[in-house]
1. Could you order peptides 121-128, 195-202, 65-72 by the average number of other Cβ atoms within 10 Å of their residues, highest first?
2. Please give the net charge around V171, taking every other residue with its beta carbon less than 9 angstrom from that of V171, where Lys and Arg add +1 and Asp and Glu add -1.
3. Take the eigenvalues of the Cα gyration tensor for the chain, scale each by 5, and report the square roots as semi-axes in whole Å, largest first.
4. Over the range 175-249, what relative contact order in percent results from Cα pairs under 8 Å that are six or more residues apart?
5. For every helix of n ≥ 4 consecutive DSSP H residues, a contribution of -39,500 (n - 2.57) applies; sum these over the chain, divide by its total residues, and give [θ] at 222 nm rounded to the nearest 500 deg cm²/dmol.
6. Using Cα pairs under 8 angstrom and six or more residues apart, how large is the relative contact order of the range 109-220, in percent?
7. How much length, in nm to one decimal, is gained on full extension between D236 and A144, taken as 0.36 nm per residue of separation minus their Cα-Cα distance?
8. Assuming a ≥ b ≥ c are the square roots of the Cα gyration tensor eigenvalues, decide whether the range 1-75 counts as rounded (a/c under 1.5), prolate (otherwise, with a/b larger than b/c) or oblate.
Amino acid sequence: MTRALILGGTGDANRLADALSRARIDAIYSYAGRTKIPLPHTLPTRIGGFGGAAGLADFIRTEAITHVIDATHPFAAEMSRHAVEACAATVTPLLALERAPWMRTAEDRWIEVADIAGAVAALPDAPSRVFLAIGRQHLAPFAAKPQHAYTLRLVDAPGAALPLPNADVVVSRGPFTLEDDRILMQTRGIKWLVARNAGGDGARAKIDAAREFGLPVIMIARPELPERPRVERVGDVLAWLAHDARLGA
Ligand SMILES: NC(=O)c1ccc[n+]([C@@H]2O[C@H](COP(=O)([O-])OP(=O)(O)OC[C@H]3O[C@@H](n4cnc5c(N)ncnc54)[C@H](OP(=O)(O)O)[C@@H]3O)[C@@H](O)[C@H]2O)c1
């Protein structure tokens, strides 16, 4: 009997959850618990960390999980590494559902950097107006460049003081349209965009808007992850589960 675990927190994970419910495949959806009101879907849900790779391996055994689908955000590297480790330890098949990264076009002005520290270093020294589209957890390093006026877009209103002296917070949840992001950038006079290479359509509008306005984009590359099988479409996950079920896994 198939019993899948979805490591979620993304729109793709929610689309997968709904597809598994429709197909009447037994599954549990796991959230880290970062956002106050997670997006709705139709699967049984658990919330919170597992306690590292060993905790996830225990969960897999206790809940008799037969398949794990890592549908976390491409930058949720710790969770993805733990999934690889826990699935190896429990001999559980693992598949990543992950969007391809965005590719730069001839019209883009990208400065590609390896990580957040690289993004901070790539910002200019002269005060400017920066759209920091990177999520709440990674703001602190930008305090090293306090001269900039930062625009942040966060899913939840920040509960505590932000580490940046000059930050304008927009509370909003994607997907965002090109028109949304044109307006956001124009009304705030944005001169620089800092983004993570998330891929997919839901967060791409800011990259398209920056290209239209000829703005430089500091693009943070995805973290390195161990090799694991990977697909980009929900339908491919269903095919993988069906194939394994036919083999009696
Ligand atoms: N939709 C988006 O745009 C977006 C953007 C960023 C992040 N996210 C989601 O937010 C979550 C946290 O991101 P992150 O960058 O903090 O991840 P991370 O650094 O890889 O994870 C840190 C720890 O959080 C726990 N965790 C992460 N994802 C979990 C999940 N789905 N279920 C249970 N525990 C989870 C794990 O704790 P333990 O070690 O205790 O198990 C993990 O070691 C991820 O699930 C990710 O998919 C979504």
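1. Order by mean packing, descending: 65-72, 195-202, 121-128.
2. Counting the neighbours of V171, the net charge comes to +1.
3. Working: eigenvalues 256, 66, 56 Å².
The answer is 36, 18, 17 Å, longest axis first.
4. 32 percent
5. Numbers: 7 runs with 76 residues, N = 249.
Roughly -9000 deg cm²/dmol at 222 nm, from the helical runs in the chain.
6. Values: 192 pairs, mean separation 39.2, N = 112.
Across the range 109-220, relative contact order equals 35 percent.
7. Here the segment from D236 to A144 would lengthen by 28.8 nm.
8. Cα axes put the range 1-75 in the oblate bin.
Every number here is computed from the coordinates shown, using simple stated rules; none is lab data. These figures come from a predicted structure and were not determined experimentally. Positions of Cβ are backbone-derived with ideal geometry, glycine not excepted, and every protein chain shown enters the neighbour counts.
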